[in-house]
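Student: Mind looking over this structure? Questions follow.
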């Protein structure tokens, strides 16, 4: 999405050539392939750990830090190394997104009309908000020290980074649609009239 926004704002005349269907298929395949490979390696590595403290996890799904707490061998260091490697890869993606958005904001600030700047910013801010929410909550879930860990806090953070971005994403992106805004406005007006 960051590259799409970068090309749309910084190189609008080249959008069709830089982001044609072939490029989109390649980027999608790369994202899915990397995600599948990462998930497979992460899952295989995590579930190869010997568990000696039972198999009850204080979460509503198998979150890796909770599974690591159940491990009784030094093999968990291998998993922690994998988590650190994953964090470094995510940090690389984060740097790419930040560099893209710095270029985008520089281009937007050079737009002479206020309306043009507003339209460009409204295209970028939702994506940036969702990505920031996901990155900050997932980093805090995986990289926080065990000493400040509690079951309730772990549960809240896990819900934040696994459920909130996918739920909020369609809402944020559909809010740019004029029809959705009008429908929500009618819904709120109707709801307010009912309570009066």
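Student: Residue by residue through the stretch 152-196, note down the ones that are at pLDDT 75 or above and either touching a strand residue (DSSP E or B) at 6+ places or on another chain (Cβ under 7 Å) or not in a helix (DSSP H, G or I) (or both).
Tutor: Selection gives 163 alone.
Student: Only one residue in 70, 13, 37, 49 is out of contact with any helix residue (DSSP H, G or I) (no Cβ under 9 Å at 6 or more places or on another chain) and modelled with pLDDT under 75, so which one is that?
Tutor: Step by step, each of 70, 13, 37, 49 is checked, and only 70 is out of contact with any helix residue (DSSP H, G or I) (no Cβ under 9 Å at 6 or more places or on another chain) and modelled with pLDDT under 75.
Student: Only one of 117, 106 is at pLDDT 85 or above and either over 30 Å from residue 44 (Cβ atoms) or under 22 Å from the mean Cα position of the chain (by Cα) (or both). Can you tell me which?
Tutor: So the residue among 117, 106 that is at pLDDT 85 or above and either over 30 Å from residue 44 (Cβ atoms) or under 22 Å from the mean Cα position of the chain (by Cα) (or both) is 106.
Student: Could you check the stretch 76-91 and list, in sequence order, the residues that are over 14 Å from the mean Cα position of the chain (by Cα) and either outside any helix (DSSP H, G or I) or more than 15 Å from residue 44 (Cα to Cα) (or both)?
Tutor: Of everything in the stretch 76-91, those that are over 14 Å from the mean Cα position of the chain (by Cα) and either outside any helix (DSSP H, G or I) or more than 15 Å from residue 44 (Cα to Cα) (or both) turn out to be 84, 85, 88.
The values are calculated or read from the model by the stated rules, or taken from the named source; none is laboratory data. No experiment lies behind these values; they were computed from the predicted model shown. Cβ coordinates were reconstructed from backbone atoms using ideal geometry, including for glycine residues, and neighbour counts include every protein chain displayed.
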